[in-house]
Amino acid sequence: MNGSELLRRGVLFLIDKPAGLTSHDVVERARRTTGMARIGHSGTLDPLATGLLLLCAGGAARLQGFFTGMDKSYEGVIRLGQATATYDRDGEPAGPLRDCGGAGLEQIERAAEDFRGEFLQSPPPYSAKKVGGRRFYEMARKGETVPIVPKKVRVSEFSLGPLEQARLPFRMRCSSGTYVRSLVAEVGRLVGSGAHLARLRRTAIGPYGVEDAAPPDEPGALIAPERATDHLESIGLTEDEARAASHGSILGPAGIEGPYRVVGPNGRLIGIYSHRGAKAVPEVILAPA
């Protein structure tokens with residue numbers, strides 16, 4: 001399949017976001033570069049952060065929800081001794097600068113243990129989270145009380161490097177929706193020194209790594225929907241079934257809870273289905289059979 005055919009059907013791009021740009025800025029640059037108006041991304045990165053953004057373009061934009069929920073991997077640096085209002089280095093200091101010499105790595109490891117596995121976490125007050133149609137950061141900037149809305153998250157890896165001059169490198173793998181800077185701020189609170197996020201880089205989204213990504217102005221390899229969804233289970237359809245599925249018809253049960261891919265005899269991805277009761281119903285229809 002050539003590049004023009006991929007662009008027509010929809011594709012995924014792996015982008016390495018530089019610091020200083022919002023995720024929306026990256027989407028706008030990709031739109032200008034590719035000429036494709038319909039592009040979404042699978043997980044916001046703050047302007048401070050760098051690293052992997054997965055962009056879904058054209059018809060593949062309808063697949064965005066199947067990538068947003070993937071686990072994310074990060075590496076970064078915690079700055080101990082100073083809390084900030086936004087929990088990162090761009091925020092105003094929240095309290096005095098403290099000597100963190102008493103917070104040794106053993107104490108920090110004990111604090112970090114509280115944030116491995118599943119736990120409830122609230123978004124930071126300066127975040128893009130919405131409530132009642134308003135973003136948290138808009139409320140925080142006006143001095144309004146930001147509601148506490150805890151959500152269950154999961155951290156499968158949180159490893160710490162050597163502590164040098166109040167800077168502590170770390171690596172993390174976590175579920176979608178985990179706020180790394182909130183976790184960092186909580187670690188600082190538990191050790192009594194305060195802390196903020198000094199650097200953050202997203203290194204992976206599910207099976208996709210930042211080493212395969214390209215700059216925003218130069219989108220690299222195009223990923224076809226067939227390969228982009230190969231983390232899902234798949235069933236092959238006959239020509240008649242494929243024709244029906246391409247029009248969004250309900251199918252018989254496939255014995256797979258879903259979501260799963262339905263693929264035509266030619267190997268073309270037709271859509272994503274899930275079971276509802278004794279029926280298989282379409283979540284997304286991408287292309288005719």
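A few comments on the model shown:
- The listed residues are ALA185, ALA221, and the only one of them that is within 24 Å of THR34 (Cα to Cα) and of a type in the set (Gly, Ala, Ser) turns out to be ALA221.
- Among the residues making up region 250-289, those that are of a type in the set (Lys, Arg) and farther than 22 Å from ILE223 by Cβ are ARG276, LYS279.
- Members of region 231-246 that are among the acidic types (Asp, Glu) and closer than 21 Å to PHE66 by Cα: GLU233
- Within the span defined as region 265-280, one or more residues are within 26 Å of LEU54 (Cα to Cα) and part of a loop (DSSP other than H, G, I, E, B).
- Strands (runs of 3 or more DSSP E) wholly inside region 16-99 containing at least 3 residues that are touching a Leu at 6+ places or on another chain (Cβ under 9 Å) and modelled with pLDDT of 90 or more: 50-57, 72-80
- Condition check for TYR273: closer than 29 Å to PRO169 by Cβ, of a type in the set (Phe, Trp, Tyr) and modelled with pLDDT of 90 or more: no
- Number of positions in region 54-78 that are out of contact with any Cys (no Cβ under 8 Å at 6 or more places or on another chain), of a type in the set (A, V, I, L, M) and under 23 Å from GLU218 (Cα atoms): 5
- Within region 260-286, considering residues that are among the hydrophobic types (A, V, I, L, M, F, W, C) and closer than 16 Å to GLN64 by Cβ, the one surrounded by the fewest Cβ atoms within 10 Å (Cβ to Cβ): ILE285
- Residue match in region 247-258 (condition: in contact with a Leu (Cβ under 9 Å, 6 or more places away or on another chain) and crowded, with 19+ Cβ neighbours inside 10 Å): no
- Taken across region 249-257, residues that are in a strand (DSSP E or B), under 16 Å from GLN64 (Cα atoms), free of Cβ contacts under 8 Å to residues at least 40 places away in the same chain and not hydroxyl-bearing (Ser, Thr, Tyr) do not occur at all.
- Among residues of region 239-265 being charged (D, E, K, R) and within 27 Å of the chain's Cα centre (by Cα), the one that is modelled with the highest pLDDT is ARG261.
- Residues of region 57-102 satisfying the condition of being without any contact (Cβ under 8 Å) to a residue 60 or more places away in the chain and not aliphatic (A, V, I, L, M): GLY58, GLN64, GLY65, ASP90, GLU92, PRO93, PRO96, GLY101
The values are calculated or read from the model by the stated rules, or taken from the named source; none is laboratory data. Remember, predicted model here, so these are calculated numbers, not experimental data. Virtual Cβ from ideal backbone geometry, glycine too; neighbours counted across all protein chains shown.
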